[in-house]
Amino acid sequence: MSKTIIRCLPLIALRGNVILPGMVAHFDVGREKSIRAVEEAMQKDQKIFVVAQRDPETDEPGRADLFDIGTAAHIRQIVKLPKNMVRVLVEGVCRAELLSLNTDKDYLTGEIRPIEETGLPDEAAALAYSRQLKELFAAYSAADDNISGEIADNIMGVEDLSLLVEQIGNVMTIPWEKRQALLEAETTADLCELLCVTIENEIRVLTIRRELNQRIKKQLDNNQKEYVLREQMKVISEELGEDNTKTDADKFRERCELLTASDEIKDKIREEIGRYARMASQSPEANVMYGYLDTLLKMPWDKKSEDREDLKAAKAILDRDHFGMDQVKDRILEFLSVRFLTKKGRSPILCLVGPPGTGKTSIARSVAEALDRKYVRLSLGGVHDEAEIRGHRRTYVGAMPGRIAAALKTAGVKNPLIVLDEIDKVSANYKGETASALLEVLDSEQNSRFEDHYIELPIDLSEVLFLTTANDASAIPQPLYDRMEVIEVSSYTENEKMHIAREHLLPKQIEANGLVKKQLSISDKALSEIITGYTREAGVRSLERRLGQICRKAARLILEEGRRKVSVTDKNLKTFLGQPRGGIDKINKKDEIGIVRGLAWTAVGGDTLEIEVNVMPGKGELVLTGQLGDVMKESARAGISWIRSEAGRLGIDDDSFTKKDIHIHIPEGAVPKDGPSAGITMALAMVSALTGQPVHANVAMTGEITLRGRVLPIGGLKEKLLAAKKAGVVKVLVPESNKNQIAELSSEITDGLKIVYVSSMSQVLKEALVKA
């Protein structure tokens, strides 16, 4: 490049960076104009002009934002980076003055004039500058660890003054403002003097930094020395009997001797205490070991509480806190009876399965009180890491014991009652499957030596009484399900809800809202209306919220209007709760063709489903709507297959299956529905629509259908019968195979219902179709 010709080159404005002549350096560009300038230079002769911005924060620099002096450079390499960034490797060629800036294009260009070297000193002056620079640089390189000896030797061997100045400026680590000052030096003599001053300043800075580092190191050495002296003083004081201060290790040893544990456990703890005593107290590992030993010494290895040996008192506590739930209470009392007689025996692992709000979790607290055991509740909903159960290994930062070991530590005894709540909602990820970690915990044959990764010692869980709860038994993995004794907690009847509301929920809400019993009364009719008209659930949570709403309004009336007592009846109930918003749909008033009422089980109790069937001209297609699941769709297809095989006997023309479409719809299309129990209901609705025979409106049914028309058993009978009763159903068709389950239900559920047992579709048609 000639140094006398004015040239127009693509221009890059640098932020906080300066390229000196002879320097090989890279920088990243992200502005669109800068990237285009690089591309334009690469298409020509790879020459580009780089100049620093006066303010690095300026995004769109103009001529006034740029320094007058920059560097003409040669692009040696470009590399494209993510996020539209480009890394450019350039070599500075010569200093140049920016005469004008052109911003009209999509990249910046500048007219530049290379600056010739002026004011070159004579030979003697050049030699003096050279020696001074070399002397200063030798001191600088000795103070700066970033400059290698090889680079320093190469620079010390340079004889040409201009090249020496260039190389020293390029290797020194100095702020970009000082580099710009070097670039703007008018003469070579000025540049040499400025560089000498810069080196002097940098040597002073490096010297101060080194002294500061030495003082910090000395301070650390003094702290270490102080620690050693204090340890020596402690030993001397102990020898002279002048100091009673105990170390942490001594305290741990005393706690270990008082610990109720086996020799195996104590020996392991003593060994760990010995390791801790040999550690430097300020080391990070000592802090980890301190927490580990503290956890071990707080674990209730062989410490346990005595069970209550009063069966009548235990029964009274269970009956006091919960109405009904006889099966759960009987199983607990059976366990107590065996325990009292044998003075030993493994604790059962019970799993209470039922809809939300039926008292599964709360009865566990009552069981703990009845047994006089410590109570700990662990919520497993959303737990997806195996380490939550088994703990983290001590090698990890922030390691801690698993939830089971932590529960024992919290309880303080080895035989508490631990509730594993929502066990059906545990999940898994790449860190392990939580349900698999629970297999050992809930296996009475294995859990006597449970291994927690943090504790690293066998923990005896055989005397822990585990009570688990779940809403959906099918969501529990089968190996885990087999280890537990499952007790179904079914929906409450209206009578049971009345008792629970009167004896438990209402007194609780009266107290919670600052009232006393004499200030609020709710009539039986009003309470019944709340249960049927304002709640729709298997449990009593919504019922408790409604009672709380009444109590709050009553409290306001007492304060605002000065009432002494608020009485709630079925007549003024709407003023407290508004219009009814719940309840079961009532049966139709007249018999209709193609409409049949089925019974369904949901997570919040039983419900009725009105299944509708229409027959219309078509091509023999079966249309299913209402957001039906795969099992339900298969039941419908099984039903139509049975109807076609029995078409002659049922009086249905064969053309009905080729020239007509059958559309089955179950209302409430936004609600997903699945299961086989609606099989006979859909089949009956199709027969009614194809034959034109009405179905009794007061009949409901449930049962699975086979291709041969047999009726198979189903589940959730109690909830389904309760829903049928609320809907006003008179006759219910139930599979013959479910007869034994009906016998176990209380008369409160079956009274007023005519239950007919069916084993085939022929019986279903006979009982449900209106005879001509």
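The values are calculated or read from the model by the stated rules, or taken from the named source; none is laboratory data. All figures in this text were calculated on a predicted structure; none of them were measured in a lab. Cβ coordinates were reconstructed from backbone atoms using ideal geometry, including for glycine residues, and neighbour counts include every protein chain displayed. Heads up: the accessible areas ignore ligands, DNA and RNA and are worked out on the full protein's heavy atoms, side chains in. Shrake-Rupley method; radii C 1.70, N 1.55, O 1.52, S 1.80 Å.
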Distance between modelled label sites at residue 659 and residue 746, nm, 7 Å Cα→Cβ extension: 5.8 nm
Accessible area per residue in Å² at 1.4 Å probe, computed on the chain: 51 Å²
0 to 90° range, to nearest 10: angle between helix 188-240 axis and the chain longest Cα axis: 50 degrees
Accessible-area composition of the chain, carbon plus sulfur, in percent [1.4 Å probe]: 49 percent
Reported label for calculated percent of Cα pairs over 42 Å apart given (1) 63; (2) 44; (3) 31: (1)
Relative contact order, percent, the chain [alpha-carbon distance under 8 Å, six or more residues apart]: 7 percent
Of the GluC sites (Glu not before Pro) in the range 594-633, those whose Cβ has at most 15 other Cβ within 10 Å and which sit in DSSP loop: 621
Förster radius 25 Å - calculated FRET efficiency between residue 413 and residue 482, Cβ distance, rounded to 0.05: 0.30
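When the chain is fully extended, how far beyond the present Cα-Cα distance does residue 278 get from residue 473, taking 0.36 nm per residue of separation?
64.9 nm is the gain from fully extending residue 278 to residue 473.
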Candidate aspartates and glutamates for bridging to residue 44, where Cα separation is under 15 Å - those fewer than 8 sequence places away on the same chain excluded: none
Shape call, the range 295-394: gyration tensor on alpha carbons, a/c limit 1.5: oblate
Of the chymotrypsin sites (Phe, Trp or Tyr not before Pro) in the range 351-457, those whose Cβ has at most 15 other Cβ within 10 Å and which sit in DSSP loop: 396, 430
Degrees between helix 263-277 axis and first principal axis of the chain (Cα, 0 to 90, nearest 10): 20 degrees
Mean Cβ neighbour count within 10 Å, used as a protection proxy, ranking 759-765, 124-130 highest first: 759-765, 124-130
Full-extension gain in nm, residue 525 to residue 212, via 0.36 nm per residue minus C-alpha separation: 104.1 nm
Per DSSP, loop GluC sites (Glu not before Pro) in the range 254-310 with at most 14 further Cβ within 10 Å: 306, 309
Spacing of the two label points (7 Å from each Cα toward its C-beta) at residue 739 and residue 7, in nm: 10.7 nm
Helix 311-321 axis, angle to the chain major axis (alpha carbon atoms, nearest 10°): 80 degrees
Solvent accessible area, Å² - residue 196, 1.4 Å probe, full protein context: 20 Å²
Ordering of 461-469, 56-64, 90-98 by burial proxy (mean other Cβ atoms within 10 Å per residue, highest first): 461-469, 90-98, 56-64
FRET efficiency for residue 560 and residue 362, using Cβ-Cβ distance with R0 set to 35 Å, rounded to 0.05: 0.55
Label-point separation in nm, residue 433 to residue 395, each point 7 Å along Cα→Cβ: 2.5 nm
Amide N proximity, the range 76-105 versus residue 47 label position 7 Å along Cα-to-Cβ, cut-off under 18 Å: 76-77, 90-102
Label-reachable residues, the range 351-380, where backbone N falls under 17 Å from a point 7 Å from residue 503's Cα toward its Cβ: 358-360, 362-367, 370
